[in-house]
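*Asks:* Before I ask anything, let me first share the structure, which is written out below as structure tokens.
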Amino acid sequence: MSFLSKVRESNPLVHNITNIVVAGFSANGLLALGASPFMADAHEEVADIAAMSGAVVLNIGTLNDYAISSMLLAGQAANRHQVPVVLDPVGAGATAYRTEVTHKLVNGMQITALRGNVAEVAHVVGESWSIKGVDAGAGDGDVVALAVKAARKLNCVVIITGKEDVITDGNSTYVVSNGHPILTKVTGTGCLLSAVVGAFLAASGGVWLEAAAEALSFYGVAAEIAAERTHGQGPGSFQSEFLNQLALVTPEIYSGRSRVQRLAQ
């Protein structure tokens, strides 16, 4: 059975502490996929919600001290209850504050998966890479080598998204070629991707790496089909159709279009 089928059968609860720009989009995307979103950051309840969830997704897009404390409380509760934690270090490296917060989070809990662009992941593990705002610069480094180094340092699955996506646990590595450039024209598509990764991890039975690779490829397939169906109509039409395709892409459609390569070690 595919992980996509498992998500839709189990309807996992995904607890999101995310940024104000994308909360609604992330919730709608999870619902379309077949997961159940919970968007809450109150100190009084985040630990309880994390404990009952299938996954916890932490996104630092709009930072403040209250949200940081909520993330630590939720992440630590998730660790105590063996709930996977996904961290999206939005803009790590863009400011000293963001980089400092990211280090505080990865040191304050055990994350299961780190999902970001190449510059963000580099700054999480103390490597240099050009960055502009929350967007990665082109850079000239070895993305696979960086991902493997980060996964080994953090003892987690590392997902670096870009024209091709790299997913690794430090021992095995996958490269996903699905996706479409128009994803970059809709705000929050990376943040929603992190939430979708959380849903797939929640349904994976602990098979983190392969579930994450399928999540990335599935997401890219949905984007490709949405782009085909709204060709020439612009990002607004794409966004609506993309939500449709998160619901409509079946395991059979996915398997026919998936482009996932396992790299030789």
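*Asks:* List the helices (runs of 4 or more DSSP H) inside the range 181-248, counting only whole elements, that have at least 3 residues being out of contact with any Ser or Thr (no Cβ under 7 Å at 6 or more places or on another chain), open to solvent by less than 30 Å² (accessible area, probe 1.4 Å) and of a type outside the set (A, V, I, L, M, F, W, C).
*Replies:* Details: elements: 189-202, 208-229, 235-248.
Correct list: 189-202, 208-229.
Residues checked against (1) under 30 Å from Thr250 (Cβ atoms); (2) free of Cβ contacts under 8 Å to residues at least 12 places away in the same chain:
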| residue | (1), (2) |
| --- | --- |
| Asn16 | yes, no |
| Ala23 | yes, no |
| Glu44 | no, yes |
| Asp48 | no, no |
| Met71 | no, no |
| Asp88 | yes, no |
| Thr102 | no, no |
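*Asks:* For the range 147-168, state whether one or more residues are buried (at least 24 other Cβ atoms within 10 Å of the Cβ), acidic (Asp, Glu) and at pLDDT 95 or above.
*Replies:* yes
*Asks:* Next up: Name the residues in the range 87-100 that are touching a Lys or Arg at 6+ places or on another chain (Cβ under 6 Å) and modelled with pLDDT of 95 or more, would you?
*Replies:* Asp88
*Asks:* Can you name the condition, by its number, that Leu263 falls short on among (1) surrounded by 23 or more Cβ atoms within 10 Å (Cβ to Cβ); (2) more than 20 Å from the chain's Cα centre (by Cα)?
*Replies:* Status for Leu263: all satisfied but (1).
*Asks:* Can you give me the number of residues within the range 74-85 that are farther than 14 Å from Lys104 by Cβ and open to solvent by 50 Å² or more (accessible area, probe 1.4 Å)?
*Replies:* 4
*Asks:* Do any helices (runs of 4 or more DSSP H) entirely within the range 1-54 hold 2 or more residues that are closer than 27 Å to Ile68 by Cβ, and if so, which?
*Replies:* 23-33, 46-52
Conditions (1) at pLDDT below 95; (2) in contact with a His (Cβ under 6 Å, 6 or more places away or on another chain); (3) assigned to a loop (DSSP other than H, G, I, E, B); (4) surrounded by fewer than 21 Cβ atoms within 10 Å (Cβ to Cβ), marked per residue:
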residue	(1), (2), (3), (4)
Val56	no, yes, no, no
Thr62	yes, no, yes, yes
Leu72	no, no, no, yes
His103	no, no, no, yes
Asn107	no, no, no, yes
Gly126	yes, no, yes, yes
Trp129	yes, no, yes, yes
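The values are calculated or read from the model by the stated rules, or taken from the named source; none is laboratory data. Please read all numbers here as calculations on a predicted model, not as lab measurements. Note that each Cβ is placed from the backbone with ideal geometry, even for glycine, and that neighbours are counted across all protein chains shown. The accessibility values were calculated without ligands, DNA or RNA, using every heavy atom of the protein model including side chains. Shrake-Rupley method; radii C 1.70, N 1.55, O 1.52, S 1.80 Å.
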